[in-house]
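One structure below.
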Amino acid sequence: MIREVEGDILLSDAQVIAHGIATHDPFDSGLALALRERFPSMVRDYRHAMRSREPKAGEVWAWSGVNEDGSARGIVNLLTQGMQGQGKAARPVKARLEDVHHALRELVRLVREQDIKSLALPRLATGVGGLDWADVKPLIAQHLGDLGVPVLVYEVYHKGRKADEKLA
């Protein structure tokens, strides 16, 4: 079941927040920056994990941590885009629908393997990723529509406002 909501995804009651990043993302804008500020250990862990292998667009990387209130928080980083350049000068390139497709397929596998009960995600790959929501939205419906868990798509961001999620 997919529900479109408006609000601040960081306030979601969903078990897992999934969002798109680049393979060597600097976590310096949008939701990635907000997650870095809230969960700095996630970014350190991601960078450490990526040093040991070369990440590829279309993969996912999952992380678990703790919210400010002590509750568990799962984050799934969907690698929806690659990088251009090297080192500190490297910048994310535009996302490709093919990589979004692969990352969503991997997300479905992860949700099933880890028995995830609810999922929240933003308008995936439409910010820094540069894709058109009209092209991405059908992919989300295709992959996550029959997942059997509540999927909350944060279509409109309102900082500090909790969405009416109705997870039950």
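The values are calculated or read from the model by the stated rules, or taken from the named source; none is laboratory data. Note that the structure is a prediction, hence the values are computed from the model and not measured. FYI the Cβ positions are ideal-geometry reconstructions off the backbone, even for glycines, and counts take in every protein chain you see. Calculation scope for accessible area: heavy atoms of the full protein, side chains included, ligands and nucleic acids excluded. Shrake-Rupley method; radii C 1.70, N 1.55, O 1.52, S 1.80 Å.
Quick notes on this one:
- For the chain: accessible area per residue (Å², 1.4 Å): 51
- Only one item in (1) 14.8, 45; (2) 17.3, 64; (3) 22.4, 76 matches Rg and Dmax of the Cα atoms in Å derived from the coordinates shown, and that item is (1).
- Counting only alpha carbon atoms, the long axis of helix 97-113 and the longest principal axis of the chain meet at about 60°.
- Residue among Ala90, Ala32, Ala62 with the largest mean-square fluctuation in a Gaussian network model of the chain, springs linking Cα atoms under 10 Å: Ala90
- Extending 7 Å from Cα along the Cβ direction at Glu37 and again at Lys166 yields two label points whose distance is 3.1 nm.
- On Cα atoms only, tilt of 133-144 relative to the major axis of the chain in degrees: 70
- Cβ-Cβ distance of Glu68 and Arg112, R₀ of 25 Å, FRET efficiency by 1/(1 + (r/R0)^6): the value works out to about 0.30.
- Apportionment of accessible area to carbon and sulfur, segment 82-129, percent (1.4 Å): 48
- Gln86 paired with Lys159, simple spin-label distance in nm, labels 7 Å along Cα-to-beta-carbon: 3.8
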